[in-house]
Amino acid sequence: MNQTENIFDTSKNMQDRKLMLEIVGLRKSFGDNHVLNGFNLELYEGENLVIMGKSGAGKSVMVKCLVGLMSADSGSIKVMGKDITKLNRAELDDTRTEIGFLFQGNALYDSMTIRENLEFPLRRHKAKFGTVEDTTPLIMEALESVGLAHTINLMPSELSGGMQKRIALARALILKPKIILYDEPTSGLDPITSKEIIELMRRVQKQYKTSSLIITHDVDCARVVSERMILLVDGTNYAEGTFAELASSNEEQIKAFFK
Ligand SMILES: Nc1ncnc2c1ncn2[C@@H]1O[C@H](COP(=O)(O)OP(=O)(O)OP(=O)(O)O)[C@@H](O)[C@H]1O
Ligand SMILES: [Mg+2]
């Protein structure tokens, strides 16, 4: 893969695109630990937006607020125009089917086979798909998109870390979400496996036409997949721009991200 190649046609005017996610003034503290201090983001249709921040900067807290796993202290979070902080449980559940979430660490269920892991979201979100009598075609489609159809009857423990990551991505794709959140998709993987995952993210983007929010501190990953980037420092947007703009900055704090 050519590392300098970027997957996006940036010629399209961003403002003409639909706003998929909008976060305004997000705040979250744990006691005296003020993690998010007015964080903002906009994710447009078809865009790959990368958020970079140091360990402990609040990236995972932000995505947990975004999918309703954690409640923010203040701020608004709109998913395709709906403010999720104002939805009831059922509405929130429904909105969450529009977001596929690749957790940091894969969060596959160890005691379930790969098939059962992928079946889980289908059963949980019956409202969107109705009762699917035969889940096999949907499961196979998702597994094929990550190149792992042959693992359907295996247990997660029988797969390598990189394969587990790909299964987690298949599980995130099975509800055909419009948005995918990747929390550290390449962390803990060797460089070759990381490249495979990055390549897979590119393919998924093309096949499923998703909009993606990618949390990473992997500079190679950011270079290849980002259309736009936000640097998160002290719980707020420190700098924004394209990879090329930020990577060529002379500002010390920004330079530190690209070392
Ligand atoms: N449930 C929680 N209770 C208390 N503090 C928490 C909780 N979750 C996160 N924190 C704190 O919030 C801060 C940000 O954590 P977070 O997991 O978002 O970091 P991160 O930017 O994702 O880091 P990494 O790159 O290591 O994944 C940390 O100081 C962490 O200790
Ligand atoms: Mg994290």
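Pairs please, first residue from the stretch 176-205 and free of Cβ contacts under 8 Å to residues at least 12 places away in the same chain and part of a helix (DSSP H, G or I), second anywhere and within 16 Å of ligand 1 (Cβ to nearest atom) and of a type in the set (Phe, Trp, Tyr), Cβ atoms under 9 Å, 6+ apart in sequence or on different chains.
So the pair list comes out empty.
Which one of these is more than 16 Å from ligand 2 (Cβ to nearest atom), modelled with pLDDT of 90 or more, farther than 20 Å from Ile99 by Cβ and part of a strand (DSSP E or B): Ala244, Ala239, Ala256? Even if it seems obvious, please write down each step before you answer.
Details: Ala244 fails: part of a strand (DSSP E or B); Ala256 fails: part of a strand (DSSP E or B).
Answer to the check: Ala239.
Applying the selection to the stretch 209-245, what residues are free of Cβ contacts under 8 Å to residues at least 40 places away in the same chain and out of contact with any helix residue (DSSP H, G or I) (no Cβ under 6 Å at 6 or more places or on another chain)?
Asp218, Val219, Tyr238, Glu240, Gly241, Ala244, Glu245
Looking at the stretch 207-233 only, could you name the residues that are within 14 Å of ligand 2 (Cβ to nearest atom) and part of a loop (DSSP other than H, G, I, E, B)?
Thr216, His217, Asp218 - these are the residues of the stretch 207-233 that are within 14 Å of ligand 2 (Cβ to nearest atom) and part of a loop (DSSP other than H, G, I, E, B).
Take the residues in the stretch 203-227 that are among the basic types (Lys, Arg) and surrounded by fewer than 18 Cβ atoms within 10 Å (Cβ to Cβ), then tell me which one is nearest to Ala170 (Cα to Cα).
If we filter the stretch 203-227 for residues that are among the basic types (Lys, Arg), which is where we start, we get 203, 206, 209, 223.
Filter once more, keeping what is surrounded by fewer than 18 Cβ atoms within 10 Å (Cβ to Cβ): 203, 206, 209.
Details: Arg203: 12, Lys206: 15, Lys209: 15 Å.
Across the stretch 203-227, the extreme among qualifying residues is Arg203.
Residue-wise test of (1) modelled with pLDDT under 90; (2) closer than 24 Å to Thr242 by Cβ.
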residue: Arg17; (1), (2): yes, yes
residue: Phe30; (1), (2): no, no
residue: Val35; (1), (2): no, no
residue: Val50; (1), (2): no, yes
residue: Gly68; (1), (2): yes, no
residue: Ala72; (1), (2): no, no
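Confirm whether Ile23 is at pLDDT 90 or above and either within 23 Å of Glu199 (Cβ to Cβ) or small (Gly, Ala, Ser) (or both). Walk me through it before giving the result.
On the way: at pLDDT 90 or above: yes; either within 23 Å of Glu199 (Cβ to Cβ) or small (Gly, Ala, Ser) (or both): no.
Criteria not met by Ile23.
Find the residue count for the stretch 41-56, including only residues that are surrounded by fewer than 22 Cβ atoms within 10 Å (Cβ to Cβ) and near ligand 1 (Cβ under 10 Å from one of its atoms).
Total satisfying the criteria: 3.
If you go through the stretch 142-175, how many residues are surrounded by fewer than 17 Cβ atoms within 10 Å (Cβ to Cβ) and either assigned to a helix (DSSP H, G or I) or not assigned by TED's automatic domain parsing to the domain that holds Glu116 (or both)?
Result for the stretch 142-175: 6.
Out of everything in the stretch 179-194 that is surrounded by fewer than 18 Cβ atoms within 10 Å (Cβ to Cβ) and away from ligand 1 (no atom under 16 Å from the Cβ), what residue ends up being nearest to Ala244 (Cα to Cα)?
Checked the stretch 179-194; the qualifying residue nearest to Ala244 (Cα to Cα) is Pro191.
The values are calculated or read from the model by the stated rules, or taken from the named source; none is laboratory data. Since we're looking at a predicted model, the values are computed, not measured. Because the Cβ atoms are built from the backbone with ideal geometry, glycine has one as well, and the counts that use them run over all protein chains shown.
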